[in-house]
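Only one structure is covered here, and it is reproduced in the block below.
We did not get these values from a lab; they are worked out from the coordinates using the rules stated. Given the structure is predicted, the values throughout are model-derived calculations rather than measurements. Backbone-built Cβ (ideal geometry, glycine too); neighbour counts: all protein chains shown.
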Amino acid sequence: MMKYKRVLLKISGESLCEPGGFGIDDAQTREIAEMIAKVCKTGAQVAIVVGGGNLLRGKTFSKDSYIPRATADYMGMLATVMNATALREGLAISGQPARVLSAIEVPAINERFVRRNCISYLEQNSVTILAGGTGNPFFSTDTCAALRAAEIDADVIIKATKVDGVFTDDPVTNPSAELIPKITYQDILHKDLKVIDHAAISICRENNIPIRVINIFKENNISDVLAGKDIGTLISN
Ligand code: UDP
């Protein structure tokens, strides 16, 4: 029995490359696609918001650059379209139908995000990969994940990261940092924890959407969350 039926999975662009790397890595993309295809076999409805940080982040790119932030952000949104295209292909190779619905239209390769269509594809057990972020500069794909989760009435957001959840400090640089199993939206904002955008947290709090922060590199983590297992960090009211 599944605890959550419809899930919004947020994966960062970096999940498609070597840790700390750049670009789209073939083996990594295959691993992620195969993992998601397996999750879909449990009957879960999966919508994915994919980031673009493995290719370009607007804020970083425009810093000390003559390319202004807004333009760099549009480039970042295009990066998410590239990632989504690779992921869709990976899912198809794994036998899992998937569609890219994008807030930034590139008619030759994707269709526009339309809420009604997205829900209908999910009900037909097709994965929907939501590309192009919100379609607006100065936003992030975390905020997009929260927004889309509210729109499509997702039961939970799974934020896939390279670590096991939310920690008291950065576990990569501080080995004595401890995992926090449960935390409120309010505490994330209050303690200024950088795990997920504050704008995203606000949308989730407003709409009462639980967020599970988990390690994407651990086999079965996503299915375990859907089955109701207590892994990673739960962010809720
Ligand atoms: N972006 C944007 N608006 C959005 C979503 C994304 O402008 O609604 C741009 C922004 O420049 C961002 C980049 O796309 O840095 C890639 O997204 P993000 O940094 O969220 O990717 P992730 O860190 O999850 O890989």
Theoretical FRET efficiency, 1/(1+(r/R0)^6), r = Cβ-Cβ of residue 66 and residue 138, R0 30 Å, to 0.05 | 0.95
Using r as the Cβ-Cβ distance of residue 187 and residue 93, and R0 as 45 Å, what FRET efficiency do you calculate, to the nearest 0.05?
-> 0.65
For the charge dipole of the chain, defined by +1 on Lys and Arg C-beta atoms and -1 on Asp and Glu C-beta atoms about the Cα centroid, which residue among 188, 20, 45 has the Cα displaced farthest towards the positive pole?
-> 45
Among 86, 70, 110, whose Cα sits farthest toward the positive end of the charge dipole of the chain (+1 at Cβ of Lys/Arg, -1 at Cβ of Asp/Glu, about the Cα centre)?
-> 110
Pop the C-beta distance of residue 115 and residue 215 into the FRET formula with R0 = 45 Å and round what comes out to the nearest 0.05.
-> 0.90
Under unit Cβ charges (Lys, Arg +1; Asp, Glu -1), what dipole magnitude, rounded to 20 debye, does the chain have relative to its Cα centre?
-> 520
Contact order normalised by residue count of the stretch 157-237, Cα under 8 Å, 6+ apart, percent | 44
Hey, fewest Cβ within 10 Å first, where do 122, 130 land in order?
-> 122, 130
Value of Rg/Rh across the stretch 6-236 [Cα atoms, Kirkwood radius] = 0.94
Hz values of 3J(HN,Hα) by residue in the stretch 133-139 - Karplus curve (6.51, -1.76, 1.60), Gly and Pro given as x = x, 7, x, 10, x, 6, 10
Of 144, 17, 118, which is the most mobile in a GNM of the chain whose springs link Cα atoms less than 10 angstrom apart?
-> 17
Quick one: which residues, 5+ away or cross-chain, put their amide H under 5 Å from the amide H of residue 112? H built at 1.01 Å from N.
-> 102
Positive end of the charge dipole of the stretch 87-237 (Lys, Arg +1 and Asp, Glu -1 on Cβ, about the Cα centre): tell me which of 130, 154, 172 has its Cα farthest that way.
-> 130
Residue by residue through the stretch 49-56, the couplings from Karplus 6.51 cos²θ - 1.76 cosθ + 1.60 with θ = phi - 60°, in Hz, x for Gly and Pro, are 9, 10, x, x, x, 6, 10, 6
The answer for GluC sites (Glu not before Pro) in the stretch 23-132 that fall in a DSSP coil and have at most 16 neighbouring Cβ atoms within 10 Å is 105
Specify the residue with the greatest mean-square fluctuation among 126, 65, 102, computed from a Gaussian network of the chain linking alpha-carbon atoms under 10 Å apart.
-> 65
How about the stretch 19-57: which trypsin sites (Lys or Arg not before Pro) there are in a DSSP loop, with at most 13 other Cβ atoms within 10 Å of their Cβ?
-> 41
Write out the chymotrypsin sites (Phe, Trp or Tyr not before Pro) in the stretch 112-155 meeting two conditions: DSSP loop, and at most 13 other Cβ atoms within 10 Å of their Cβ.
-> 138
Among the lysines, which have Cα under 30 Å from the Cα of residue 41 when same-chain residues fewer than 8 positions away are ignored?
-> 3, 5, 10, 159, 162, 182, 218, 229
